[in-house]
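The values are calculated or read from the model by the stated rules, or taken from the named source; none is laboratory data. As the structure is a computational prediction, the values presented were derived from the model and not from experiment. No Cβ is skipped: glycine too gets one built from the backbone with ideal geometry, and neighbour counts run over all protein chains shown.
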Amino acid sequence: MQKPVLLVALGGNALIRKGQEGTLTQQFQNLAVPIRQIARLSATHKIIITHGNAPQVGSLLLQQESCPSVAKLPLEILVAQTQGWIGYMIESTLDSHLMELGIPFHPIVSLISYVVVDPKDPAFSAPTKPIGPIYKRKKDAPSGYPIIQTPKGYRRAVVSPRPVTIVEKREIKRLIEEDFIVICCGGGGIPVIREGRAFSGVDAVIDKDLASAKLAEEVGVDIFVIATDVPGAALDFSTEQARFLKKVTLKKAEQYLVAGQFPAGSMGPKVDACIRFLKNNGKRAMITSIDAIEKALEGKAGTQFIGLVGH
Ligand code: ADP
Ligand code: MG
């Protein structure tokens, strides 16, 4: 029997937990939590892993801005750097866990991936995507760039256009057919626009959840798991009435999204991505915490999205 294709989208907390300094040792320890589960799941699923880069790409920006004697690189290059950085960390951690499980030769590859965006996307007119360090007070954030308020605190914001197509979709499909574990679309992919027959990078960060939904649509994915730092999608989040949704139908999820229950730049794109995935013939979609990926797949954790056919 064909193994189902499982896409796991890892959030920023896969590497750095809230309140941590984020040393490399901490990052590798944190990463072991989802990767151990994914290693076990690879016995029964074909695996694609995508990941965010908001803390990392923001740190790279700060690093280069603090060194005026070195030429500044645009965001597109910094996103590419985070794909190499995080791709290496995921790949090497996964390799170790597969070895521990006695599956030493499972092929894994991290792909530099770029994603086409529309230069006319209205998202270019306002920054919505929070990146980099989180500041408790607005006045603590460095001046000179847009700052937005998020449930976690104040953060720098950059523009975040929608993904139109994943440039390496054919390559990814081929690799999955060959049973490679593929790490791709890191940080939402390197944003590029098409100019005639050429691609050129743009100064933006694509949301990794929306890029993952696009990837799923173009490559063919059966199950989509978004792993983050909360147990699932909640109603009235940040209030005393907050309640996590165990199950939600597509219709209800759309209504809550329109009603503003899930903000842009965090939970909004996750819910949007799950809706899109199921509408494009995906079988199962869920949002869960990073330590409960396997439990969510068993239907015992997270927010499960009920598609048109139900399950
Ligand atoms: P990731 O790095 O996993 O993509 P994000 O910060 O982008 O994480 O999104 C997860 C965050 O969304 C949570 O930590 C939470 O603060 C925020 N959030 C906002 N609204 C909601 C909601 N309705 N339900 C759950 N989490 C929410
Ligand atoms: Mg996010």
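Residue pairs whose Cβ atoms lie under 9 Å apart, separated by 6 or more positions or on different chains, with the first residue in the range 227-242 and farther than 29 Å from I35 by Cβ and at pLDDT below 95 and the second within 7 Å of ligand 1 (Cβ to nearest atom) and in a loop (DSSP other than H, G, I, E, B), are S238/P151.
Scanning the range 176-198 for residues that are within 23 Å of the chain's Cα centre (by Cα) and part of a strand (DSSP E or B) yields I181, V182, I183, I190, P191, V192, I193. Take R17 and tell me if it is within 30 Å of L297 (Cβ to Cβ) and over 17 Å from the mean Cα position of the chain (by Cα). For R17, the condition - within 30 Å of L297 (Cβ to Cβ) and over 17 Å from the mean Cα position of the chain (by Cα) - is not met. Can you spot a residue in the range 251-262 that is of a type outside the set (V, I, T) and away from ligand 1 (no atom under 14 Å from the Cβ)? Within the range 251-262 (the criterion being of a type outside the set (V, I, T) and away from ligand 1 (no atom under 14 Å from the Cβ)), the answer is yes, since at least one residue qualifies. Residue count for the range 161-197, restricted to those that are within 16 Å of ligand 1 (Cβ to nearest atom) and modelled with pLDDT under 95: 0. Within the option set A273, A227, A296, being within 9 Å of ligand 1 (Cβ to nearest atom), closer than 23 Å to I48 by Cβ and not charged (D, E, K, R) holds for one residue only, A227.
Matching residues to (1) in contact (Cβ under 8 Å) with a residue 12 or more places away in the chain; (2) loosely packed, with under 15 Cβ neighbours inside 10 Å:
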residue	(1), (2)
K246	yes, yes
T249	yes, yes
Q255	no, yes
G260	no, yes
V271	yes, no
I275	yes, no
R284	yes, no
S289	yes, no
